[in-house]
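> My structure is below; once you've seen it, I'll send some questions.
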Amino acid sequence: MARKDRLSGNEAVAEALRQINPDVMAAFPITPSTEIPQYFSKYVAQGKVDSEFIPVESEHSAMSAVIGSQAAGARSVTATSSAGMALMWEELYLAASNRLPCCLTLVNRALSGPININCDHSDSMGARDAGWIQIYAENNQEVYDNLCMAYPIAEHKDVQLPIMICQDGFITSHAVENIILNEDEEVKNFVGEYNPEHCLLDPECPTAVGPYSVTNYYFEAKRAQAEALKNAKQVTLDVAKEYAKITGREYGLFEEYMMEDAEYAVVIIGSAAGTTKEAVDRLRKEGVKAGLIKIRLFRPFPGEEIAEALKNVKAVALMDRTESYNDCCGPLGAEVSTALYRANAKALAVNYVYGLGGRDVKVSDMVNIYNELQKIAEEGKVEEFYRYYGVRS
Amino acid sequence: MVDKTNINKVGLKCSYKDLTLGMMVYGEKTSEAFKTGEWTSVQPVVDEEKCINCLMCVPVCPDSCITVVDGKRSPFDYDHCKGCGICVKNCPPKAISMKGVK
C-alpha cells in the first residue's frame, strides 16, 4: 500500500535512500544537496539503515570512496551539487570506465562563477559525456521514483554503469510537495540485493580494478562502455515497466504532453516542464496547438524517439538551462537538432538558453516562447538559432 | 565467448565484447599469465655466434624476460618482452639487435 506524505525533494531522496538501504554513503555537504547526507546520516545514527556513512573531506574523496566501496562489492551512493560535482570530475569518468553501478543524487546548481547557489543545469550538463546514465526529474514525486529505479537500471547485467539522478536545486529540492511513497518492503524487493559477479572483497577470485590499458586495449574498453550505455535505454524502459506494476506510475524515456496533434513544441528538462505544461494548457484553451516534450533520460539520449515525436510539429524550441560557450548550440539543442537532421524532420528549430543561476521561469515566459514559435512557423524561417530568453539586453 | 577470468584468453584478437568488464583483471599472480609481449612492434634477437654468455643482459631487463638457466642465458621470453631495447644497449659484444615483428 502506498503512503501519502508531504516532502521536499531532498527529503524524498533521503526517504528513498532509507528504503533502498545502500551499503555505503560517502558525501560532503554543498548547497543545495546538503540535506540529503544530513538526513541520511540521521537515519544511520538512528539505526534505521545498515549503511556505513563516510564523512569525507571533499567531493573528490566522496566519489573516490564511492568508487572504492562499489568496487569492493558494496552498493554505494553520494550526493552533491555544482562545484562539488566539478571536484569529482576525474572520478566520474573512473566510476563509468570501471563499470561501477554506483549512484549520485545530484541537486542541480549553477557552476561558478560568478558564484551562485541556485538552479541551472551547468553542473550535470558539463558531465554529460562522462559515461554516466543521467535521469532528470520535474518534481519531487519523480525524483523519488527515479531514485527507486536507479539501481535496477545501473546494476543490470547489460549496463553496469553509474547513474545520476538529477533534480532542480531549491525549485524541487527545497519545495515541499505532496508525494506518494512506496512501502519499505516494496522498495526493498524492487531494488533487491547487489551481487556483482566480481568484486574486490571476493576471496575466491582476487580482482584488480582499473588497470592500465595500452593503446591496443583502450579503444575497445571505451567501445564496450558505449555499448553498455546504449543498452541502458531499453533497460530504463524495462525497469519503468516493472515499477509501474507496483506503483501504477508510468515513466518513459521522455514525457509527451499534448503532443499528439501539436504544431508548436517545447523540449525541456527539469522543473520548468511543469511551468510549461501550464502554458500549454492556457494556449490550448485559446486553440493554439501547443505541446511539450520533457526529457527524462538524457544519457543515453533517445534521439530517434524524440525526432519521431516531433515529426509533425511546425516549430520547436529546445530549452537549455546551461550556457555551452560555443556560439552554436546548447547540449539539448545539439542533441535534438542532430536527431531532427537525421530524421529529415521539417520542424523549424530554435535553441534557447534560459533560467541560468536560478532565474525564474514563469508561465508567461513559456507562453512567450510558444508565441515566438508561431511567428517562426508563419515566417517559415529561423533568423537566429542560438538565443537567450529572460536576460536583460 | 572467451573465459574472461583466464587472462591468457584475453588478448589482441579479442573483440571489444570479449574483454573484461571495465578491463578488470581476475585472479591472482596474473602478470605471468598475461602476455604483455604483444604490446611491442619490435623484439630483440640474439646473434648466437656473437654472444659470449657474459649475462650482462640478464639484470638490465626490466621485465625479467632474460634469466639464467644452468649458468647460461635463457632464450628471450617474447611473451613478456615489451621491446624496450635496453638489452641491446647493454650487450658488450653487440650480439643483440632489434627486429620488427609486424
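The values are calculated or read from the model by the stated rules, or taken from the named source; none is laboratory data. Quick caveat, the model's predicted, so the values are computed rather than measured. Neighbour counts are summed over all protein chains in view; Cβ atoms, including those assigned to glycine, are modelled from backbone coordinates with ideal geometry.
> If you take the residues of the range A:273-319 that are more than 21 Å from A:Glu250 (Cα to Cα) and assigned to a strand (DSSP E or B), which of them is nearest to the chain's Cα centre (by Cα)?
A:Met319
> Let me ask another. Do the conditions hold for B:Val2, that is, is it surrounded by 15 or more Cβ atoms within 10 Å (Cβ to Cβ), at pLDDT below 85 and touching a helix residue (DSSP H, G or I) at 6+ places or on another chain (Cβ under 8 Å)? Talk me through it step by step, then tell me what you get.
Details: surrounded by 15 or more Cβ atoms within 10 Å (Cβ to Cβ): yes; at pLDDT below 85: yes; touching a helix residue (DSSP H, G or I) at 6+ places or on another chain (Cβ under 8 Å): yes.
Criteria met by B:Val2.
> Now, a different point. Being assigned to a helix (DSSP H, G or I), of a type in the set (Val, Ile, Thr) and either crowded, with 18+ Cβ neighbours inside 10 Å or at pLDDT below 95 (or both) narrows it down to one residue among A:Ile36, A:Ile30, A:Ile54; which is it? Show your work before the answer.
Numbers: A:Ile30 fails: assigned to a helix (DSSP H, G or I); A:Ile54 fails: assigned to a helix (DSSP H, G or I).
When all the criteria are applied, what remains is A:Ile36.
> Another one. Tell me whether the range A:1-12 contains one or more residues that are in contact with an Asp or Glu (Cβ under 7 Å, 6 or more places away or on another chain), surrounded by 24 or more Cβ atoms within 10 Å (Cβ to Cβ) and part of a helix (DSSP H, G or I).
Yes - at least one qualifying residue is present in the range A:1-12.
> Taking only the range A:203-227 into account, find how many residues are of a type in the set (Lys, Arg) and either more than 23 Å from the chain's Cα centre (by Cα) or facing chain B (nearest Cβ under 7 Å) (or both). Give the steps one after another, and end with the answer.
Of the residues in the range A:203-227, the ones of a type in the set (Lys, Arg) are A:222-223.
Imposing the further condition that a residue be either more than 23 Å from the chain's Cα centre (by Cα) or facing chain B (nearest Cβ under 7 Å) (or both) reduces the set to A:223.
The qualifying residues number 1.
> Let me ask another. Residues B:Lys99, B:Lys17: which one is within 11 Å of chain A (Cβ to nearest Cβ) and not in a loop (DSSP other than H, G, I, E, B)? Lay out the reasoning, then the answer.
Numbers: B:Lys99 fails: within 11 Å of chain A (Cβ to nearest Cβ).
Result of the check over B:Lys99, B:Lys17: B:Lys17.
> While we're here: Taking A:Val267, is it among the β-branched types (Val, Ile, Thr), more than 9 Å from chain B (Cβ to nearest Cβ) and not in a strand (DSSP E or B)?
It is false that A:Val267 is among the β-branched types (Val, Ile, Thr), more than 9 Å from chain B (Cβ to nearest Cβ) and not in a strand (DSSP E or B).
> Sticking with this one: Given the conditions (1) surrounded by fewer than 24 Cβ atoms within 10 Å (Cβ to Cβ); (2) under 12 Å from the mean Cα position of the chain (by Cα); (3) β-branched (Val, Ile, Thr), report the number of the one that A:Ile117 does not fulfil.
Condition not satisfied by A:Ile117: (2).
> Now a separate question. Test each condition in (1) more than 20 Å from A:Gln134 (Cβ to Cβ); (2) crowded, with 21+ Cβ neighbours inside 10 Å for A:Asp327 and report the one that comes out false.
Against the list (1) more than 20 Å from A:Gln134 (Cβ to Cβ); (2) crowded, with 21+ Cβ neighbours inside 10 Å, A:Asp327 comes up short only on (2).
> Could you please let me know if B:Thr30 is within 14 Å of another protein chain (Cβ to nearest Cβ), of a type in the set (S, T, N, Q) and either without any contact (Cβ under 8 Å) to a residue 24 or more places away in the chain or in contact with a helix residue (DSSP H, G or I) (Cβ under 6 Å, 6 or more places away or on another chain) (or both)?
Numbers: within 14 Å of another protein chain (Cβ to nearest Cβ): yes; of a type in the set (S, T, N, Q): yes; either without any contact (Cβ under 8 Å) to a residue 24 or more places away in the chain or in contact with a helix residue (DSSP H, G or I) (Cβ under 6 Å, 6 or more places away or on another chain) (or both): yes.
So B:Thr30 fits the description; yes.
> Same structure again: Mind listing whichever residues of the range A:323-349 are assigned to a loop (DSSP other than H, G, I, E, B) and charged (D, E, K, R)?
Applying the first criterion (assigned to a loop (DSSP other than H, G, I, E, B)) to the range A:323-349 yields A:323-330, A:343-347.
Within the range A:323-349, A:Glu323, A:Asp327, A:Lys346 meet the criteria.
> Go through (1) within 14 Å of chain B (Cβ to nearest Cβ); (2) within 22 Å of the chain's Cα centre (by Cα); (3) not polar (S, T, N, Q) for A:Leu200 and report which single condition fails.
(2)
> Okay, moving on. Return the total of residues in the range B:26-73 being at positive phi and among the basic types (Lys, Arg). Steps first, answer last, please.
Of the residues in the range B:26-73, the ones at positive phi are B:27, B:29, B:53, B:55, B:64, B:70-71.
Filter once more, so that each one left must be among the basic types (Lys, Arg): B:29.
Of the residues in that region, 1 qualify.
To keep it simple, each residue is scored yes or no on (1) within 21 Å of A:His121 (Cα to Cα); (2) at pLDDT 95 or above; (3) crowded, with 22+ Cβ neighbours inside 10 Å; (4) touching a strand residue (DSSP E or B) at 6+ places or on another chain (Cβ under 9 Å).
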position: A:Ile295; (1), (2), (3), (4): yes, yes, yes, yes
position: A:Glu304; (1), (2), (3), (4): no, yes, no, no
position: A:Glu308; (1), (2), (3), (4): no, yes, no, no
position: A:Asn312; (1), (2), (3), (4): no, yes, no, no
position: A:Ala315; (1), (2), (3), (4): no, yes, yes, yes
position: A:Met319; (1), (2), (3), (4): yes, yes, yes, yes
position: A:Ala334; (1), (2), (3), (4): yes, yes, no, yes
position: A:Leu340; (1), (2), (3), (4): no, yes, yes, yes
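> Of everything in the range A:136-185, what is closer than 15 Å to A:Asn108 by Cα, of a type in the set (A, V, I, L, M) and surrounded by fewer than 21 Cβ atoms within 10 Å (Cβ to Cβ)? Give them in sequence order.
A:Ala175
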